[in-house]
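Structure first, commentary second.
Values quoted throughout were computed directly from the atomic coordinates according to the rules given, and no laboratory measurement underlies them. Quantities reported herein were computed from a predicted structural model and do not represent experimental measurements. Please note: Cβ atoms are built from the backbone with ideal geometry, for glycine as well, and neighbour counts cover all protein chains shown.
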Amino acid sequence: MKTKLIIFSSLLIFILALFSCKTDKKSVADHSKGASGPKQEWAIVIHGGAGGMTKENLTPELDKEYRASLQIALSTGKKILSEGGSALDAVEQTIRTMEDNPLFNAGKGAVFTHEGRNELDAAIMDGSNLGAGAVAGVMDIKNPISAARKVMTNSPHVMLSGAGASQFAKEQGLDIVPASYFYTEKRFNELQELLKKEKYGTVGCCVLDKYGNLAAGTSTGGMANKRYNRIGDSPIIGAGTYANNNTCAVSGTGHGEYFIRWTVAHDISALMEYKGLSLKEASELVVNDKLVKAGGSGGVICVDKSGNISMPFNSSGMFRGFATADGKEGIFIYKDEGLK
Ligand code: ASP
């Protein structure tokens, strides 16, 4: 009787062990579908806007200029991260280089509203504590991303807008510029000609730092020809910008109204958190399935807590680049290049 009992319980333990082994294997296999690589010490991914750019309609000169500008931004962030700087410093300084570059639709190069003004939006988020700051509809702050960071660290609020945001930025000692800073006729006309009426270039940056912290930031002039103080997704936490150390950091670019209604950035994080999807699975599902079905064009850049990077977009191109601590890096524009 005793021997039978021993044989029976051993058999039971064996079956249970077999079963749990199978389940383990399955969840590991499912999770690794998203090309998860070895853990990176740090990682950075940037975008300079998604849109209709193709090899045919982007001149070789512009192609070169954009790649060089993306490289400057990427190198700025890389240096900060590799020297042990914080995720927030990397995001802010990387984005500032693109805000100061008239080629991008952010800061200096912001597009014009229907009334001929420049109204800028930006947001930053700290994945370590879900701290966030944003400014919307600002017209005289030189670097909106820095104002967004000040809102996060030096105010009890998450988003400030218009004149109030400018007053706050002034009190915080940030650079305030006259409206003419965003407009030089010669530059404007040149640029319009150059860009053949389409202006690309919302900018964004997501990073993982050496301390395991994720951060995301986005800065934009919004949609060209916008009216009535329209605000897009970029400064809205969970729509165009989101970071959470438990999941990922995301920055979006595209038709903001869709990104707001589909809460794109947070949806990617939620799919990872609640459904166990990998970064790649979650971001591709949202951008190439949900957004496509909805009719929302654009893309996202994102990085997870292991330093995996994903940059899906459903438009014909997206200015983008990435670098990781293991020495991998790249700058891409079109569909047929980039991380597979
Ligand atoms: N998402 C931005 C907005 O809707 C525009 C863009 O990314 O091009 O304001």
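Karplus couplings for the range 251-259 from phi (6.51 cos²θ - 1.76 cosθ + 1.60, θ = phi - 60°), rounded to Hz, Gly and Pro as x?
With the stated coefficients, the range 251-259 comes to 10, x, 8, x, 6, x, 4, 6, 5 Hz.
In debye, nearest 20: dipole of the range 195-340 around its Cα centre with unit charges on the Cβ of K, R (+) and D, E (-)?
520
Is any residue of the range 314-340 close enough, with backbone N under 20 Å, to a label point placed 7 angstrom from the Cα of residue 55 along the Cα-Cβ axis, and if so, which?
Within reach of a label on residue 55: 314-321, 330-340.
How far apart, in nm, are two points set 7 Å out from the Cα along the Cα-to-Cβ line at residue 306 and at residue 75?
Those two pseudo-labels are separated by 3.2 nm.
Find out how many positive minus negative residues lie around residue 228, taking Lys and Arg as positive, Asp and Glu as negative, among other residues whose Cβ is under 15 Å from that of residue 228.
That works out to 0.
Compute the relative contact order of the range 293-340 as a whole-number percentage, counting only Cα pairs closer than 8 Å that sit 6 or more residues apart in sequence.
27
Of the listed peptides 268-281, 249-262, what is their order by residue-averaged count of other C-beta atoms within 10 Å, with the highest listed first?
My ranking of the peptides, most packed first, is 249-262, 268-281.
Work out, step by step, the length gained on full extension between residue 334 and residue 183: first 0.36 nm times the residue separation, then minus their alpha carbon distance; give nm to one decimal.
Values: separation 151, 0.36 × 151 = 54.36 nm, distance 2.92 nm.
My answer for the length gained is 51.4 nm.
Report the local net charge at residue 312: Lys and Arg +1, Asp and Glu -1, summed over other residues whose C-beta lies under 11 Å from its C-beta.
Net local charge, residue 312 excluded: 0.
Which order do peptides 225-232, 165-172 fall in by mean Cβ count within 10 Å, highest first?
In descending order of packing, they fall as 165-172, 225-232.
Less than 9 Å Cβ to Cβ from residue 218, Lys/Arg counted +1 and Asp/Glu -1: what total charge do the surrounding residues give?
Values: positive: none; negative: 121, 233.
Result for the local shell: -2.
Take each of the peptides 207-215, 296-304, 91-99, average the number of other beta-carbon atoms within 10 Å over its residues, and list them starting from the highest.
So the order, starting with the most tightly packed, is 296-304, 91-99, 207-215.
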